[in-house]
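The values are calculated or read from the model by the stated rules, or taken from the named source; none is laboratory data. The structure displayed is predicted, hence computed values, not measured ones. Ideal geometry is used to build each Cβ from the backbone, glycine not excepted, and the neighbour counts take in all protein chains shown.
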Amino acid sequence: MSESTASPVLYEVRDGVAVVTLNRPEAMNAVNAALATGLGEAIERASADRDVRVVVLTGTGRAFCAGADLKAIARGESIFDDAHPDWGFAGLVQHWTDKPVIAAVNGFAMGGGTELTLACDLVVAADTAVFGLPEVKRGLIAGGGGVVRLAQQVPVKRALEMVLTGDGIEASLALEWGLVNRVVPADEVLTTALELARKIAANAPLSVQYSKRALYRTRQAASDWNPEWVAEDPWAVNGELMVAVMTSADAMEGPRAFAEKREPNWRGE
C-alpha cells in the first residue's frame with residue numbers, strides 16, 4: 001500500500017486499551033499534516049470512549065518518530081492540523097486527555113519523536129531506541145514541547161546538555177536519567193507497554209483519571225498542560241478531586257467487591 005493510500009495513523013482497542021500506531025514507516029513516521037490530524041483525532045476518540053481506559057502510542061517500522069517532516073516543511077507545507085492548532089505538534093503535545101498515555105518507543109525517537117514521549121505519561125523503550133533534541137544542529141528550536149518539558153522531567157543540567165549540544169542518548173542512559181520507565185528488547189516493547197496499560201486499566205477509571213489530573217495540577221512548576229493550573233493550592237486541588245472520586249459509584253464498588261471477594265465491576269462514574 002502506498003503512502004498516498006495508507007492511513008498515517010492506525011487505531012484499535014484491545015481489552016480497554018487503545019493502541020494508536022504512527023504509520024508512515026517509509027518516512028520513519030515523521031510528522032506531516034495528515035499524521036498530526038490522525039493522531040489528534042485518535043486522542044479525541046479514545047478520550048470520548050468510556051470503554052477505553054489507557055492509550056498506548058507506538059510506531060511501525062524501525063522508528064517511533066523521526067520528528068517533523070522536514071521535506072514537507074521544505075515544500076512549504078503545514079505539518080499541523082490547521083483545524084486544531086490548540087492540539088500542538090503532532091496533534092498531541094498540547095492535547096490533554098484524562099486517559100493515561102504510554103509511549104511504546106519501538107526505535108529511533110529524535111526531535112519531535114522525543115517531544116512525543118515527553119508528552120506521554122509513561123514510556124517503555126526498546127533497548128535500541130535513541131532520544132534527543134537535535135534542533136540546534138539545524139538552526140531550529142525544540143518548540144514542540146522539548147524546551148518546555150525536558151527540564152521538568154530530568155535535572156536541568158542534563159536537559160541543557162541535550163538541548164544545547166543536540167546530541168542523542170541511548171535508551172539505557174534515558175532510563176538512568178528518568179526519561180523512560182522501562183527498557184526492554186525491541187521485540188518486547190509493545191507487549192510490555194500493553195502489560196503496563198492493562199495494570200492501569202484494571203483500576204477504577206475515575207480514580208486513575210483524577211489522580212493523573214491531580215498530579216499535573218499540583219506540581220511545583222507551572223504545568224506544561226494548562227497555564228490555568230499555575231499557583232493553585234495543592235491541597236485545594238487534592239480536596240476537589242478527592243471529593244469527585246470518593247462520591248462516585250466506583251468508590252462504593254471497590255470496598256464492596258473486596259468484602260465480597262470478587263473482582264470489581266468499574267463503571268467509571
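Quick rundown of the values:
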| read-out | value |
| --- | --- |
| Matching residues, segment 133-144, being surrounded by fewer than 19 Cβ atoms within 10 Å (Cβ to Cβ) and either within 18 Å of VAL183 (Cα to Cα) or within 19 Å of the chain's Cα centre (by Cα) (or both) | GLY143 |
| Residue match in segment 219-231 (condition: at pLDDT 80 or above and not assigned by TED's automatic domain parsing to the domain that holds VAL147) | no |
| Subset of segment 232-245 [at pLDDT 75 or above and either surrounded by 13 or more Cβ atoms within 10 Å (Cβ to Cβ) or within 30 Å of PHE89 (Cα to Cα) (or both)] | GLU240, ALA244, VAL245 |
| Subset of segment 25-39 [of a type outside the set (A, V, I, L, M) and either out of contact with any strand residue (DSSP E or B) (no Cβ under 9 Å at 6 or more places or on another chain) or without any contact (Cβ under 8 Å) to a residue 24 or more places away in the chain (or both)] | GLU26 |
| All positions within segment 110-141 that are farther than 19 Å from GLU170 by Cα, at pLDDT below 90 and not β-branched (Val, Ile, Thr) | ARG138, GLY139, LEU140 |
| Checklist (1) over 18 Å from VAL130 (Cα atoms); (2) among the charged types (D, E, K, R); (3) in a helix (DSSP H, G or I) applied to GLU176, failing item | (1) |
| Scope segment 255-269; condition modelled with pLDDT of 80 or more and assigned to a helix (DSSP H, G or I); matching residues | ARG256, ALA257, ALA259 |
| Qualifying position, being of a type in the set (Gly, Ala, Ser), part of a strand (DSSP E or B) and either assigned by TED's automatic domain parsing to the domain that holds ARG182 or crowded, with 24+ Cβ neighbours inside 10 Å (or both), among ALA83, ALA103, ALA90, ALA72 | ALA103 |
| Unique residue being surrounded by fewer than 18 Cβ atoms within 10 Å (Cβ to Cβ), closer than 23 Å to PHE89 by Cα and hydrophobic (A, V, I, L, M, F, W, C) when the list is VAL180, VAL123, VAL130, VAL147 | VAL147 |
